[in-house]
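Novice: The following block contains the structure, expressed as structure tokens.
Each value in this text was obtained by applying a stated rule to the coordinates, not by laboratory testing. All values derive from a computational prediction rather than experimental measurement. Note that each Cβ is placed from the backbone with ideal geometry, even for glycine, and that neighbours are counted across all protein chains shown.
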Amino acid sequence: MKTIKRQNTAGVGVIPPQGRIRCIGRHRKQPRRICTQHDLWGKDVEALPECVKLVSTVSVGLDHLDLPALHARGIAVSNTPNVLTDCNADLSMMLILAACRRAAEYYTLMKKGWHHGMGMGGMLGHRVTGKRLGIVGMGRIGQAVAKRARGFDMTILYHNRSRLSAAEEAGATYFEKLEDMLPHCDVLTLHMPGSPSAPPLMNSQTFSLLPKGSVFVNAARGSLVDEDALIEALESGHLFGAGLDVYRQEPNPNPRLTALPNIFMTPHAGSATIETRTAMCMLALDNVEALAKGLPMPSPVTV
């Protein structure tokens with residue numbers, strides 16, 4: 001309710017998944033600021049009325065926006081960083097635990113009916129304590145995941161564009177090259193931006209560098225992964241399991257993924273808590289109000 005009241009006083013148009021241009025086109029006579037989570041590319045950007053001055057995305061990721069086209073039209077862009085760091089790190093740790101301990105298979109067993117004992121060797125997972133966790137992308141979320149993983153006595157390895165300070169590393173081992181880190185990872189988790197137009201970071205070659213029986217986790221972007229290569233690694237047993245929150249196609253991910261028993265899957269829910277979604281919406285509106293008042297926005301995006 002608080003968010004709705006702020007929208008009504010800030011001159012905000014909210015773009016729904018369908019009919020987005022029609023929705024904002026009703027307000028062509030006054031300056032508008034738009035809050036959205038949905039794609040704005042090419043012709044959709046061209047079709048925005050001249051009155052649109054800001055696109056405030058309720059997300060950290062920007063791969064759904066045509067930033068050069070928006071900026072070329074003089075439309076400012078803002079996003080909502082920082083407020084979802086802990087929430088995403090919590091979910092990432094859940095994916096790690098669930099993939100290692102076969103949570104998806106246990107859940108399926110219980111829902112279908114647990115009618116017999118599993119014995120000493122039945123459906124064994126992997127202990128997380130003491131395992132080596134490789135983190136690709138040691139920004140805010142990556143560091144928050146490392147903090148949580150240390151609570152499980154995991155050894156932290158990381159690959160990043162640049163090395164962190166000793167204080168930020170907190171004992172983590174830096175690898176300048178991803179290929180050098182992968183053979184040492186019992187669990188690999190991704191925490192970096194992605195782009196649909198860029199080659200996937202994880203493909204047949206990079207998956208093959210992981211130790212046999214390792215676990216793969218992705219709560220960053222689906223475009224970072226060649227899903228055919230991931231499926232092959234899971235089906236062959238090279239990977240023990242995977243925990244996924246993001247997919248190359250959303251919604252309706254690859255049915256070959258959903259058919260695999262050794263994947264624990266969530267529906268791009270990294271920020272899906274009441275507290276975090278509220279904070280994201282409020283930050284998006286903080287950007288709107290700042291621009292409307294001629295003040296610096298809290299979280300502007302530049303090309």
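Novice: Note down the net charge around T108, summing +1 for each Lys or Arg and -1 for each Asp or Glu among other residues with Cβ under 15 Å from its Cβ.
Specialist: The answer is +3.
Novice: Report the Cα centroid-to-centroid distance between segment 268-303 and segment 82-118 in angstrom, as an integer.
Specialist: Cα centroid of segment 268-303 versus Cα centroid of segment 82-118: 30 Å apart.
Novice: With Cβ to Cβ distances under 12 Å as the rule, what net charge do the other residues near A269 carry (K, R +1; D, E -1)?
Specialist: Details: positive: R277; negative: D90, D245, E250.
Cβ neighbours under 12 Å give a net charge of -2.
Novice: Please get the size of the charge dipole for the chain, origin at its Cα centre, with Cβ charges of +1 on Lys and Arg and -1 on Asp and Glu, quoted in debye to the nearest 20.
Specialist: Working: 33 positive and 26 negative charges, 228 e Å.
Dipole magnitude for the chain comes out near 1100 debye.
Novice: Now for a different question. Taking a quarter of the surface of the convex hull around the Cα atoms of segment 167-303, what do you get in nm²?
Specialist: For the Cα atoms of segment 167-303, the hull's average projected area reads 11.3 nm².
Novice: Suppose only helical runs count, i.e. DSSP H with n ≥ 4. What mean residue ellipticity at 222 nm does that imply for the chain under -39500 (n - 2.57) per run, divided by all residues and rounded to the nearest 500 deg cm²/dmol? Don't skip to the end; give the middle numbers.
Specialist: Working: 13 runs with 109 residues, N = 303.
Helix contribution divided over all residues of the chain: -10000 deg cm²/dmol.
Novice: Taking the Cβ of I156 as the center, what net charge do the other residues with Cβ under 15 Å away carry, scoring Lys and Arg +1 and Asp and Glu -1?
Specialist: Residues near I156 contribute +2 overall.
Novice: Considering the convex hull of the alpha carbon atoms of segment 85-265, report its projected area averaged over all viewing directions, in nm², one decimal.
Specialist: On the way: hull surface 42.9 nm².
Quarter of the Cα hull surface area: 10.7 nm².
Novice: Working out 0.36 nm times the residue gap between L62 and E168, then minus their Cα-Cα distance, what length gain in nm do you get to one decimal?
Specialist: Working: separation 106, 0.36 × 106 = 38.16 nm, distance 2.57 nm.
That works out to 35.6 nm of additional length.
Novice: For the chain, what is the convex hull volume of its Cα atoms per residue in Å³? Display every interim value, and only then the final one.
Specialist: On the way: hull volume 47.6 nm³, N = 303.
Hull volume normalised by residue count: 157 Å³.
Novice: Which residue, chosen from L188, Y174, T80, occupies the Cα position most advanced towards the positive end of the dipole of the chain, where the dipole is computed from +1 (Lys, Arg) and -1 (Asp, Glu) charges on Cβ about the Cα centre?
Specialist: T80
Novice: May I ask which residue of A219, T108, S162 lies farthest towards the positive end of the charge dipole of segment 85-265, with charges of +1 (Lys, Arg) and -1 (Asp, Glu) on Cβ and the Cα centre as origin?
Specialist: T108
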